[in-house]
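Heads up, the thing below is written out as structure tokens.
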Amino acid sequence: LAHKLLHDLFANYSSALRPAEDTDRALNVTLQVTLSQIIDMDERNQVLTSYLWVRQAWLDAHLTWDKDAYGGIDSIRIPSSYVWRPDIVLYNNADDRFGGSMETNVVLRSDGHILWDSPAITKSSCKVDVSYFPFDGQQCRLTFGSWTYNGNQIDLRNRLDTGDLTDFVENVEWEVLGMPATRNVITYGCCSEPYPDVTYTLLLKRRASFYIFNLLLPCVMISFLAPLGFYLPADSGEKVSLGVTVLLALTVFQLLVAESMPPAESVPLIGKYYIATMTMIAASTALTIFIMNVHHCGPGARPVPPWARRLILHHLARALCVCEVGESCSSPRQAGTGGTGPREPPGAGTQPGPCPRGRCLCHHHVLLSSVGYIAGCFRRHRAAQRRAGEWKKVAKVMDRFFMWVFFLMVFLMTVLVMGKAA
């Protein structure tokens with residue numbers, strides 16, 4: 001009976017013509033898409049690869065029969081190539097092979113209704129906005145429509161208001177928030193007839209845990225490591241090396257982000273954080289070079305200006321608790337009155353008193369001039385050491401001041417990035 005039914009149905013049937021009873025009326029075709037899996041999201045090429053189940057249903061007026069005449073057969077499964085099929089395609093297809101749906105069977109009922117379920121792996125173009133990467137969300141559209149039949153010949157409609165997500169396999173990178181469906185009727189520039197389509201908008205949200213632990217946290221730790229270069233002693237010779245090493249490390253992370261992102265005008269949020277941190281580290285390295293120049297001022301340097309002595313050596317040093325050995329933060333020694341440098345021995349700068357003897361070597365003019373020259377050299381040497389010590393203390397206070405300033409900058413930048421991402 002099934003063989004006889006198949007022979008009778010397709011004796012004078014042509015799968016090339018639209019099976020409508022009235023050629024002046026449009027054939028109703030319903031579409032339903034089930035999202036099974038998100039295979040890949042290529043942000044750089046802006047291509048979404050997904051696994052879909054596409055269900056199409058329509059009425060074929062030429063394929064009806066009386067089920068009582070064929071032993072109660074109400075439906076049969078036949079190859080889809082036997083019947084007429086609507087040429088529903090994915091408009092925003094980005095596959096270079098243009099592979100269609102799989103050639104599966106169709107379910108043909110006695111009243112002429114045809115149901116065609118076919119799985120398909122699609123590559124669709126998706127406008128990717130990475131402004132908030134890795135805390136971004138994407139909206140990828142899947143637009144289905146007939147390629148040759150206009151709205152007067154095929155009336156395409158969506159069966160449900162949303163895509164079916166009951167059989168969706170969870171993705172490790174993307175979380176699906178929804179898949180609403182809308183029907184659009186568009187008149188293109190090539191043709192005067194309207195063309196209906198059904199657009200499914202796939203709402204995606206990135207799971208940011210992987211990027212937080214592999215890209216963001218290392219950058220934050222490196223950023224907090226950079227201000228410690230100011231705390232490093234100037235005599236160690238590693239202050240500039242630390243800044244350059246941190247700058248190179250951030251450059252490597254920046255290149256990793258740039259390789260996976262599309263070359264768009266919108267800079268990712270993590271990229272902005274990297275650039276701001278690299279700028280801060282470059283500025284800290286430049287300041288370190290300047291402070292080291294101040295630290296290594298030789299004995300021939302000018303004395304510390306009064307405003308710098310009052311502002312840096314008194315107020316800033318007390319506020320930042322920068323003390324020399326033997327000093328206290330509450331009552332530091334006054335600069336210039338007993339700072340660094342050896343103390344003058346008692347009697348070194350005083351004039352000799354009258355000798356009790358009438359004839360004494362102290363009154364010899366050559367000896368007196370030599371002693372005066374030695375005392376003057378000692379006083380000049382002590383003054384030079386005192387000036388060098390003051391400049392070293394100025395450099396140390398500036399180091400401590402910029403360390404806290406850059407710590408505050410790193411903290412504020414991290415809070416701003418996290419707040420903007422939230």
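Could you please let me know if residue 240 is surrounded by 20 or more Cβ atoms within 10 Å (Cβ to Cβ), more than 30 Å from residue 47 (Cα to Cα) and in the same structural domain as residue 401 (by the TED database)?
Values: surrounded by 20 or more Cβ atoms within 10 Å (Cβ to Cβ): no; more than 30 Å from residue 47 (Cα to Cα): yes; in the same structural domain as residue 401 (by the TED database): yes.
No: the conditions fail for residue 240.
Of all residues in the range 57-105, those satisfying the criterion of being of a type in the set (Gly, Ala, Ser) and out of contact with any Leu (no Cβ under 7 Å at 6 or more places or on another chain) are 61, 69, 72, 80, 81, 94, 99, 100, 101. Selection over the range 250-288 of residues that are buried (at least 20 other Cβ atoms within 10 Å of the Cβ), assigned to a loop (DSSP other than H, G, I, E, B) and of a type in the set (Val, Ile, Thr) gives a count of 0.
Are any residues in the range 21-64 open to solvent by 10 Å² or more (accessible area, probe 1.4 Å), closer than 29 Å to residue 151 by Cα and part of a loop (DSSP other than H, G, I, E, B), and if so, which ones? Once the filter is applied, which keeps residues that are open to solvent by 10 Å² or more (accessible area, probe 1.4 Å), closer than 29 Å to residue 151 by Cα and part of a loop (DSSP other than H, G, I, E, B), the range 21-64 yields 21, 22, 23, 24, 25, 26, 61, 62, 64. For first residues located in the range 401-422 and open to solvent by less than 40 Å² (accessible area, probe 1.4 Å), partners that are not in a helix (DSSP H, G or I) and lie 6+ apart or on another chain with Cβ distances below 7 Å form the pairs 403/231; 421/132; 421/135.
Restricting the range 127-149 to residues that are open to solvent by less than 20 Å² (accessible area, probe 1.4 Å) and modelled with pLDDT under 90, which is farthest from the chain's Cα centre (by Cα)?
Going through the range 127-149, the residues open to solvent by less than 20 Å² (accessible area, probe 1.4 Å) turn out to be 128, 130, 133-134, 136, 138, 140, 142, 144-146.
Checking which are modelled with pLDDT under 90 leaves us with 128, 130, 133-134, 136.
On the way: 128: 13, 130: 7, 133: 4, 134: 5, 136: 9 Å.
Ranking the qualifying residues of the range 127-149, first place goes to 128.
Looking at residue 95, is it touching a Ser or Thr at 6+ places or on another chain (Cβ under 8 Å) and open to solvent by less than 20 Å² (accessible area, probe 1.4 Å)? Against the criterion (touching a Ser or Thr at 6+ places or on another chain (Cβ under 8 Å) and open to solvent by less than 20 Å² (accessible area, probe 1.4 Å)), residue 95 qualifies. In the range 149-165, the residues that are under 14 Å from residue 199 (Cα atoms) reach residues that are assigned to a loop (DSSP other than H, G, I, E, B) with C-beta atoms within less than 6 angstrom, at least six apart or across chains, in these pairs: 162/179; 163/179. Residue pairs whose Cβ atoms lie under 7 Å apart, sitting 6 or more positions apart in sequence or on different chains, and linking a residue in the range 38-53 that is free of Cβ contacts under 8 Å to residues at least 40 places away in the same chain to a partner that is part of a strand (DSSP E or B), are 40/49. Filtered by the rule that a residue be in a helix (DSSP H, G or I) and either in contact with a Ser or Thr (Cβ under 9 Å, 6 or more places away or on another chain) or surrounded by 13 or more Cβ atoms within 10 Å (Cβ to Cβ) (or both), the range 1-20 gives 5, 6, 8, 9.
Among 44, 85, 77, which is among the charged types (D, E, K, R), in contact with a strand residue (DSSP E or B) (Cβ under 6 Å, 6 or more places away or on another chain) and assigned by the TED database to the domain that holds residue 153?
Values: 44 fails: in contact with a strand residue (DSSP E or B) (Cβ under 6 Å, 6 or more places away or on another chain); 85 fails: in contact with a strand residue (DSSP E or B) (Cβ under 6 Å, 6 or more places away or on another chain).
Sole residue among the options that is among the charged types (D, E, K, R), in contact with a strand residue (DSSP E or B) (Cβ under 6 Å, 6 or more places away or on another chain) and assigned by the TED database to the domain that holds residue 153: 77.
The values are calculated or read from the model by the stated rules, or taken from the named source; none is laboratory data. Model, not experiment: these values are computed from the prediction. Here Cβ is always computed from backbone atoms with ideal geometry, including for glycine, and neighbour counts include all displayed protein chains. All accessible areas refer to the heavy atoms of the entire protein, side chains included, with ligands and DNA or RNA removed. Shrake-Rupley method; radii C 1.70, N 1.55, O 1.52, S 1.80 Å.
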